[in-house]
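Below is one structure, written out as structure tokens; the observations come after it.
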Amino acid sequence: MINKVLLLEDNIFKAADITRALEQYGIKELHKVRNQEAGKEKLLEAINKQKPYDLIITDVNYPLEAGEETDPEAGFKLLLWLKKKGILTPVIICSSYQYREPSVLSCIRYHKNGDLYTEFKKVLDNCNGMCERE
């Protein structure tokens, strides 16, 4: 079961929609950050405490650091950083644009009138244990 999720999203409305969908799915522990620097800190802190995240959900376009402008490649830069660090936590990209990225669990297109719960449920129900810690 997926218990602990990190969400990297700088848009408060989109973050609220994703939060509702994940809570409806049954996710109890959701940590939200608005820039990549804060996300990396949360990830490393969780690993150091031996309580890693079960899943990372990331947008693609958000600031690398607090106070900076958004970076249209931030999500992909996060994927490279995870790979360099050897962090194998499954990732879902949730973006207003449709992406195809083979290194992630799924790419979910965010649409204001879309049904995020159904989209996340479909992915999470079929992740075949990839999102579960041993």
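What number of residues in segment 43-74 are part of a loop (DSSP other than H, G, I, E, B) and not β-branched (V, I, T)?
16
Quick check on my filter: what residues within segment 87-103 are open to solvent by less than 20 Å² (accessible area, probe 1.4 Å) and of a type in the set (G, A, S)?
S95
Does G67 count as more than 13 Å from the chain's Cα centre (by Cα), small (G, A, S) and open to solvent by less than 80 Å² (accessible area, probe 1.4 Å)?
No, not satisfied.
Are any of the residues in segment 6-14 of a type in the set (A, V, I, L, M, F, W, C) and touching a Cys at 6+ places or on another chain (Cβ under 9 Å)?
Yes, segment 6-14 contains at least one residue that is of a type in the set (A, V, I, L, M, F, W, C) and touching a Cys at 6+ places or on another chain (Cβ under 9 Å).
How many residues does segment 1-25 hold that are under 14 Å from the mean Cα position of the chain (by Cα) and among the hydroxyl-bearing types (S, T, Y)?
1
Only one residue in K121, K51 is exposed (fewer than 14 other Cβ atoms within 10 Å of the Cβ), more than 15 Å from L7 (Cβ to Cβ) and either in contact with a Pro (Cβ under 7 Å, 6 or more places away or on another chain) or among the charged types (D, E, K, R) (or both). Which one?
Sole residue among the options that is exposed (fewer than 14 other Cβ atoms within 10 Å of the Cβ), more than 15 Å from L7 (Cβ to Cβ) and either in contact with a Pro (Cβ under 7 Å, 6 or more places away or on another chain) or among the charged types (D, E, K, R) (or both): K51.
Check K77 against each of (1) under 19 Å from L105 (Cβ atoms); (2) buried (at least 16 other Cβ atoms within 10 Å of the Cβ) and name the one condition it does not meet.
The failed condition is (2).
Look through K112, K84, K32, K40 and report the one residue that is open to solvent by 30 Å² or more (accessible area, probe 1.4 Å), at pLDDT 95 or above and outside any helix (DSSP H, G or I).
Residue meeting the stated conditions: K32.
The values are calculated or read from the model by the stated rules, or taken from the named source; none is laboratory data. This one's a predicted model, so the numbers in the text were calculated from it and none came from an experiment. Positions of Cβ are generated from backbone atoms using ideal geometry, with glycine treated the same way; all protein chains shown enter the neighbour counts. Ligands, DNA and RNA are stripped out before the accessible areas are found, and what is left, the full protein with its side chains, is counted by its heavy atoms. Shrake-Rupley method; radii C 1.70, N 1.55, O 1.52, S 1.80 Å.
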